[in-house]
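Visitor: Have a look at this one before I ask anything.
The values are calculated or read from the model by the stated rules, or taken from the named source; none is laboratory data. Predicted, not measured: the structure shown is a model, and the values here were computed from it. Here the Cβ positions follow ideal geometry from the backbone for every residue, glycine too, while neighbour counts run over all protein chains shown. Accessible surface is based on the protein model in full, side chains and every heavy atom, while ligands, DNA and RNA are left aside. Shrake-Rupley method; radii C 1.70, N 1.55, O 1.52, S 1.80 Å.
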Amino acid sequence: MTNILVLHGPNLNLLGTRQPEVYGKMTLDSINQELTKFAKQQNVDLRIQQSNHEGDLIDAIHVGRNWADGILFNPGAFTHYSYALRDAIASVALPTVEAHLSNIHAREEFRHNSVIAPVCVGQICGFGWHSYLWGLQALLQHLAKK
Ligand code: DQA
């Protein structure tokens, strides 16, 4: 059984009503349900957490070190400036895929840079909730190759 930690960062609990023109109309619960459905078909166990707090996300990554094979991570706005989250990913050395609903490179300049991406296997963005699904698929593919 492959174990994956799915982490959602700040403000993603508001999906569905938060700027739907940018992030789509799907709620976080529906996205999680879709991911869980896909994971079950693949015999993959998902543990899903959302937090608006940097320290909680760091703690979840540290705990993941003891059970997870990889991480699917949408760090929200922390993407652009959290060296602490970047260090956490680098420290646990779990293969991580960064996912974003929106195309961060086509938005405001401050969103173009990810300080997390350099410690990830890769980044997928711009495909709405499918960024998560395809990010998960990419992560599983990566783990299968190892
Ligand atoms: C986001 C992009 C970030 O720039 C933003 O701060 C978010 C959501 C996305 O999924 O598109 O909160 O991570």
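Visitor: Given the condition within 13 Å of the ligand (Cβ to nearest atom), open to solvent by 50 Å² or more (accessible area, probe 1.4 Å) and in contact with a helix residue (DSSP H, G or I) (Cβ under 7 Å, 6 or more places away or on another chain), answer yes or no: does some residue in region 124-141 qualify? Outline the logic, then answer.
Guide: Let us first name the residues in region 124-141 that are within 13 Å of the ligand (Cβ to nearest atom), namely 124-132, 135.
Of the ones still in play, those that are also open to solvent by 50 Å² or more (accessible area, probe 1.4 Å) are 127, 129-130.
This time we only want the ones that are in contact with a helix residue (DSSP H, G or I) (Cβ under 7 Å, 6 or more places away or on another chain), so: 127, 129.
Within region 124-141 (the criterion being within 13 Å of the ligand (Cβ to nearest atom), open to solvent by 50 Å² or more (accessible area, probe 1.4 Å) and in contact with a helix residue (DSSP H, G or I) (Cβ under 7 Å, 6 or more places away or on another chain)), the answer is yes, since at least one residue qualifies.
Visitor: Being open to solvent by less than 80 Å² (accessible area, probe 1.4 Å) and free of Cβ contacts under 8 Å to residues at least 40 places away in the same chain is the filter; apply it to region 109-118 and report the residue that is nearest to the ligand (Cβ to nearest atom).
Guide: We begin by selecting, within region 109-118, every residue open to solvent by less than 80 Å² (accessible area, probe 1.4 Å); these are 111-112, 114-117.
Now narrow it down to the ones that are free of Cβ contacts under 8 Å to residues at least 40 places away in the same chain: 111-112, 114-115, 117.
On the way: Arg111: 4, His112: 10, Ser114: 9, Val115: 12, Ala117: 12 Å.
Filtering region 109-118 for residues that are open to solvent by less than 80 Å² (accessible area, probe 1.4 Å) and free of Cβ contacts under 8 Å to residues at least 40 places away in the same chain, the one nearest to the ligand (Cβ to nearest atom) comes out as Arg111.
Visitor: I would also like to ask the following. Does Leu143 satisfy being closer than 14 Å to Leu5 by Cα, among the aliphatic types (A, V, I, L, M) and touching a strand residue (DSSP E or B) at 6+ places or on another chain (Cβ under 6 Å)? I'd like the intermediate steps shown before the answer.
Guide: Values: closer than 14 Å to Leu5 by Cα: yes; among the aliphatic types (A, V, I, L, M): yes; touching a strand residue (DSSP E or B) at 6+ places or on another chain (Cβ under 6 Å): yes.
Judged against the criteria, Leu143 is a match.
Visitor: If you don't mind, another one. Any chance region 93-105 includes a residue that's under 15 Å from the mean Cα position of the chain (by Cα), free of Cβ contacts under 8 Å to residues at least 24 places away in the same chain and within 16 Å of the ligand (Cβ to nearest atom)?
Guide: Of the residues in region 93-105, the ones under 15 Å from the mean Cα position of the chain (by Cα) are 94-104.
With the extra rule that they be free of Cβ contacts under 8 Å to residues at least 24 places away in the same chain, the set shrinks to 103.
Now narrow it down to the ones that are within 16 Å of the ligand (Cβ to nearest atom): 103.
Within region 93-105 (the criterion being under 15 Å from the mean Cα position of the chain (by Cα), free of Cβ contacts under 8 Å to residues at least 24 places away in the same chain and within 16 Å of the ligand (Cβ to nearest atom)), the answer is yes, since at least one residue qualifies.
Visitor: Continuing with the same structure: Pick from region 19-34 the residues that are within 14 Å of the ligand (Cβ to nearest atom) and touching a helix residue (DSSP H, G or I) at 6+ places or on another chain (Cβ under 7 Å): which of them is nearest to Trp129 (Cα to Cα)?
Guide: Taking the candidates together, the pick is Ile31.
Visitor: Moving on. If you go through region 53-74 one residue at a time, do you hit one that is buried (at least 17 other Cβ atoms within 10 Å of the Cβ) and within 10 Å of the ligand (Cβ to nearest atom)?
Guide: Yes.
Visitor: Let me ask something else about it. If I go through region 5-18 residue by residue, how many of them are within 9 Å of the ligand (Cβ to nearest atom) and at positive phi?
Guide: Residues that pass the stated criteria total 1.
Visitor: Given the conditions (1) out of contact with any Ser or Thr (no Cβ under 9 Å at 6 or more places or on another chain); (2) more than 22 Å from Phe38 (Cα to Cα); (3) polar (S, T, N, Q); (4) assigned to a helix (DSSP H, G or I), and given that Gln137 satisfies all but one, which numbered condition is not satisfied?
Guide: Failed condition: (2).
Visitor: Name the pairs: first residue in region 30-50 and farther than 16 Å from Asn13 by Cα, second residue of a type outside the set (Lys, Arg) and at pLDDT below 95, Cβ to Cβ under 8 Å, at least 6 apart or on different chains?
Guide: Asn43/Met1; Val44/Met1; Asp45/Met1
Visitor: I've got another one for you. Looking only at residues in region 83-108 that are among the aliphatic types (A, V, I, L, M) and open to solvent by 50 Å² or more (accessible area, probe 1.4 Å), which one is farthest from Val22 (Cα to Cα)?
Guide: Taking region 83-108 and keeping what is among the aliphatic types (A, V, I, L, M), we get 84-85, 88-90, 92-94, 97, 99, 101, 104, 106.
Filter once more, so that each one left must be open to solvent by 50 Å² or more (accessible area, probe 1.4 Å): 90, 93, 106.
Details: Ala90: 30, Ala93: 32, Ala106: 11 Å.
Restricting to residues being among the aliphatic types (A, V, I, L, M) and open to solvent by 50 Å² or more (accessible area, probe 1.4 Å), the top hit is Ala93.
Visitor: Let me ask you something else. At least 2 residues that are under 23 Å from Lys145 (Cα atoms) in each: list the helices (runs of 4 or more DSSP H) lying fully within region 2-82 that qualify. Steps first, please.
Guide: Working: elements: 20-23, 28-41, 54-64.
Correct list: 28-41, 54-64.
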